[in-house]
1. Express the relative contact order of region 162-237 as a whole percentage, based on alpha carbon pairs under 8 Å and six or more residues apart in sequence.
2. Roughly to the nearest percent, how much of the accessible area of region 380-490 is carbon and sulfur, given a 1.4 Å probe?
3. Could you state, as a whole-number percent, how many of the C-alpha pairs of region 415-559 are farther apart than 24 Å?
4. Can you give the accessible area of residue 198, probe radius 1.4 Å, in Å² rounded to 10?
5. Taking residue 540 as the anchor, which lysines have their alpha carbon closer than 18 Å to its alpha carbon, excluding any fewer than eight residues away along the same chain?
6. On average, how much accessible surface per residue is there in region 388-445, in Å², for a 1.4 Å probe, leaving out ligands, DNA and RNA?
7. In region 386-431, what is the volume of the convex hull around the alpha carbon atoms, normalised per residue and reported in Å³?
8. Starting from the Cα of residue 521, step 7 Å along the direction of its Cβ; do the same at residue 402; then give the gap between the two resulting points in nm.
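The values are calculated or read from the model by the stated rules, or taken from the named source; none is laboratory data. Remember, predicted model here, so these are calculated numbers, not experimental data. Ideal geometry is used to build each Cβ from the backbone, glycine not excepted, and the neighbour counts take in all protein chains shown. The protein model used for the area step is the full one, side chains on, heavy atoms only, and it has no ligands, DNA or RNA in it. Shrake-Rupley method; radii C 1.70, N 1.55, O 1.52, S 1.80 Å.
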Amino acid sequence: MISLLSHECFHILFRPVLAKAYFFFVVTGCFLTSVTAFADSWIRVKPVIMMGEEYTDNLFLSKKSKEDDLITVISPGVIAEAGNRKGSVRFSYNLGYSHYQLHSEYDAWRHDSQLIGNINLSRHTRMEFRNSFLLTEEPAESIEDRREAEDEVPEPEIYEAEAETVRRSRYRYYTNSSQIRMVHQFGKADSLRFAYACDLLKNEDRTVQNETRHHPSAGLTYWMIPQRLGLDADIKYLRNDISDAKEDPGYLEETLTSSAYMTWWALPPRLRFKPGLTYIKGVSNEENADNEDNWYESITPLLQIMYRFSRHWNIEAEGYITKAITYNSENLTDLSDDFETWRGSLTLTHQFGRRLEAFFSYMHSATDYMGDDEKNDDYEDYILYEPSAGFRYILAEGLPFSLSMGYLVRDKKLTGKESAITLNGELGSWKFCRYGSAKFSASSGYNEDYFGPDNLGFGFYYRADASVEYVFSQYVTGRLYGRYLRNRYLDNEETGGETRNDKNRELGAGLVFQPQKWWFLSADYIYRNVSSTDEQDSYKENRILLKIGVSPARGIRIW
């Protein structure tokens, strides 16, 4: 039986979101009010309705006890767009209801809305804004897919909240992500920028932590001598509030990051120097834990040099040193957590022609902990070195293809060496034939996370994404994609220094049948395999989705 949200549930779920989203609706209202002031203004509305059937063989994402179910989702919605020569705005809203055939206790309403727009406040000032809200009982992996599909406006360079990796219940939760970015151009290459992001995650499931993140930032680019001497400066603040869950204590973390870089073309375009400095200060406080207050700071001076010694050859060198110190609640430092890292790299590039260039790179770094290695149970001194080689090739105008391979070695002072092969590459939307296109990206390397409550330590990471689309006929389009994620943390404090190994493998295939522009029918199959050192976070799932959608080919223009 379908029942609407109670008044109490509405306040619990929506009041925090309305407070954060109010500003964005005010901005949009002001914009829509000004739309009618211009002859070229337009407003278009398009109703949509979708109905789908979803089958899953692992409803609760469990490794041991797998339960299947068939879920019916009916989702009417609307897309409204408005614009003029000053900018544009797009608002979409979908109201859905999910019915579980075998587990009707999880029947629920779903809400999904997005607000995306940009306004030219003046000839040299532009504002971009975005607000995304989702209330659902679906596992959180769908959030990542949803964000990747939001390509109407380029993502501002500000923080986005991470999605949960594994959610084992079908209790509802909501996320709200608000972003606003303003850029003022006061010179040919000079700009002043401001940004703010707020991300919320609220759960009905008391075993899952709630999260609130605020991230304001500001930046400046200014060329004192055009094309010769320039300055880039940024300052960012992050406040991350994790509330208690039944199994895990919450914590509060605040981080302030400031950086400044100079660019000096001593002999343009042959010789360039780029010195810089980054300073980070953070405070974290884990609740329900004794003496866990701590704050940390690090300072990193950096220097980059680029020299083009012939038409086809150039060399780039980079070096920096990071000094980090941590303190507990009594302002006492623990030498076992304090460290210095020296890093240098050298890259040699050769241009074979207009389309092809090859490069060879070598990176070397050394991390030295202030404490005695033999008495430090968590960390020990180590040296990193990585030779790599690769190429970049322009397949077509605006379509570069890059690929590189390296060998990364970490030589620990007491316990020996650890190594990994690294692979990095990228291919944009490549139309390999009249009817087919492909995308590819791969990245790998290492992470060093020694700050904050998580403190994951040193680890290797790997990521690969590939997709192929093919138009079989005028009405049928197919898609095949794969994704691989892996994180290996080799000296994680939470596991007592043991290796933590997380893998996520995903394969998918789909067909879309669209005989008319106003309706379509799609079928998708998804296989996901998540494995982790923590067996509770491991599972396998097969999912089949059938969906039909109806919408006018063009929106209804009301202005």
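1. Numbers: 139 pairs, mean separation 18.7, N = 76.
Across region 162-237, relative contact order equals 25 percent.
2. Numbers: 3300 of 5920 Å².
Accessible surface attributable to carbon and sulfur in region 380-490 totals 56 percent.
3. On the way: 5561 of 10440 pairs.
For region 415-559, the share of Cα pairs beyond 24 Å comes to 53 percent.
4. 0 Å²
5. Straight-line reach from residue 540, under 18 Å: 63, 64, 66, 503.
6. Numbers: 3400 Å² over 58 residues.
Accessible surface, normalised per residue, equals 59 Å².
7. Working: hull volume 3.0 nm³, N = 46.
Each residue corresponds to 65 Å³ of Cα convex hull volume.
8. According to this spin-label approximation, the distance is 4.4 nm.
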